[in-house]
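Colleague: I have a structure I would like to understand better, so I am pasting it below and will then ask my questions one at a time.
The values are calculated or read from the model by the stated rules, or taken from the named source; none is laboratory data. Not measured: the values here are computed from a predicted model. Here Cβ is always computed from backbone atoms with ideal geometry, including for glycine, and neighbour counts include all displayed protein chains.
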Amino acid sequence: MRYISKHNFDESEIIRGLHNGDENVLKLLFAKFHVGLLYFSTQYLTNALTAEDIVAESFLKVWQRKKDFHSLPAIKSFLYVTVKNACLNHLKQINRYNACHEEIKYLAEKTEELFSDQRIIKAELLTRIWENVEQLPPIRQKIFKMLFVEGLNTFEVARILRISVDTVRVQKARALNALRKVVPPARTKLPLNGFTT
């Protein structure tokens, strides 16, 4: 197709070129919508690099589904919805990670008053906790990791493993109870790498 600028274009020719896999059309769409999409993405995310990656991936998705589009408004709408959903998913993943971190941090904080260097004991205790995770029964260990490592919720785990939501909740509770036993009682002297406090 002949060169078309983002300011002077024939919409039908752009759609035809997109359907035919003309990469010049993708470049034109990028030039036309990129700035607006990047600004839109940064309204959700504070990390500019992540926002840029999400916008770039949205154009890749247009290219992968190029034969599904029959107008520029449809492409524009798809791009904005795709960027919005990707931003929200990214924020959800961050929240899930923070929730997992807080759950484990809660276990470690019970021993803070025992040691002068809290960073060392937290690292030691977290190591012990995760060693004990590996000792859980297979299904309990799998459920724990899906919940606290992969960040899935109770319903997602139940669906993937094809078990009831109640079973997931029971196994989660049993896993946490087992791990809490790793945490020493307050004011108990415990060895740290062969030494005592």
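Colleague: With the requirement that a residue be basic (Lys, Arg) and either farther than 11 Å from residue 16 by Cα or not assigned by TED's automatic domain parsing to the domain that holds residue 33 (or both), what does the stretch 64-88 give you?
Modeller: Once the filter is applied, which keeps residues that are basic (Lys, Arg) and either farther than 11 Å from residue 16 by Cα or not assigned by TED's automatic domain parsing to the domain that holds residue 33 (or both), the stretch 64-88 yields 65, 76, 84.
Colleague: Can I ask one more? Considering only residues that are in contact (Cβ under 8 Å) with a residue 40 or more places away in the chain and either among the β-branched types (Val, Ile, Thr) or closer than 18 Å to residue 31 by Cα (or both), which ones fall in the stretch 70-81? Give the steps one after another, and end with the answer.
Modeller: Step one: of the stretch 70-81, the residues in contact (Cβ under 8 Å) with a residue 40 or more places away in the chain are 70-72, 75-76, 79-80.
Selection gives 71, 72, 75, 76, 79, 80.
Colleague: Right, another one. Within the stretch 76-96, which residues are basic (Lys, Arg) and within 16 Å of the chain's Cα centre (by Cα)?
Modeller: Result: 84, 92, 96.
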